[in-house]
Every structure is written in structure tokens, then in C-alpha cells.
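What follows is a single structure, written as C-alpha cells, with notes after it.
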């Protein structure tokens with residue numbers, strides 16, 4: 001089984017704006033939680049060995065009939081010149097259909113988990129040093145079942 005394709009995410013559409021504060025040296029914790037929305041699409045083809053099944057994987061986030069799950073949220077906490085932030089994204093598409101008496105099931109699942117910290121030095125007014133880790137997971141499953 002092979003899958004040739006690409007996963008494309010375009011600029012985020014913010015559905016809740018985060019609260020921000022100008023108190024960079026505040027000794028009190030400040031928190032923000034920001035749910036948001038990514039507009040995503042998947043393009044590609046799938047097949048077994050050298051046989052292309054002709055599966056159209058042209059799914060978009062806006063075609064909600066194939067969307068099985070979506071979760072997008074960012075959170076941050078800051079105190080003084082330090083901040084910690086996390087960003088979580090989960091998206092799952094699935095579809096079942098028949099192509100030339102070949103029962104086909106395809107699913108796509110993607111997730112991103114990011115954790116980072118930032119430091120805003122007093123001597124550099126518009127500079128913030130950010131360091132962290134990001135885990136990206138993309139999984140595609142294709143099931144091809146011959147007809148009777």
C-alpha cells in the first residue's frame with residue numbers, strides 16, 4: 001500500500017483573540033487560552049503496489065461530511081519577563097466509497113503538540129527569545145477490499 005500526497009494547512013483563522021497585557025515586568029501570573037480554527041486540505045492518490053486505485057483524497061476542512069474530529073487550542077502563562085506556551089491541534093478525516101467494485105476506506109489523522117518558553121530581555125524592547133519542542137504526527141490509512 002502506498003500513499004502519495006501532501007497535507008496543506010493555510011493561515012489560521014482566529015475565532016477568539018487572546019488577552020494581552022502591557023505589564024512586561026508584572027509579578028503576577030497572567031493566563032490566556034485561545035481556541036482557533038485551521039483551514040486544511042489534503043490532496044493525493046493511493047494504491048497497492050503499482051496499481052493506482054484512483055482514490056480522490058481532495059478533502060477540505062470546509063467539506064464537513066468527511067470531518068470526523070477537530071480540536072485547536074493554544075494556551076500561555078506569563079510572569080515577569082518569562083512565558084510558557086502550548087499549542088495543540090488535532091484533525092481527522094475519513095471516507096468510505098466504491099471505485100470499480102473495489103470497496104475503499106480512507107482516513108487521515110494529524111496532530112501537532114508544541115511546548116515552548118519565552119524570555120523578553122529588558123535591554124531589547126521588541127525582542128523575545130523563544131525555545132521549545134514540537135511534535136508533528138500524520139497518519140494515513142487506506143483499506144482496499146475487492147468486490148464479490
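Observations on the model:
- Residues located in the range 92-101, provided they are more than 17 Å from residue 71 (Cα to Cα) and modelled with pLDDT of 80 or more: 95, 96
- Residues of the range 73-92 that are over 12 Å from the mean Cα position of the chain (by Cα) and part of a strand (DSSP E or B): 75, 76, 77, 78, 79, 82, 83, 84, 85, 86.
- In the range 108-140, of all residues being under 20 Å from the mean Cα position of the chain (by Cα) and modelled with pLDDT under 85, the one that is surrounded by the fewest Cβ atoms within 10 Å (Cβ to Cβ) corresponds to 140.
- Among the residues making up the range 93-128, those that are within 17 Å of residue 32 (Cβ to Cβ) and outside any strand (DSSP E or B) are 120, 128.
The values are calculated or read from the model by the stated rules, or taken from the named source; none is laboratory data. Source: prediction; values computed, not measured. So basically every Cβ, Gly included, is an ideal-geometry build from the backbone, and we count neighbours across all protein chains shown.
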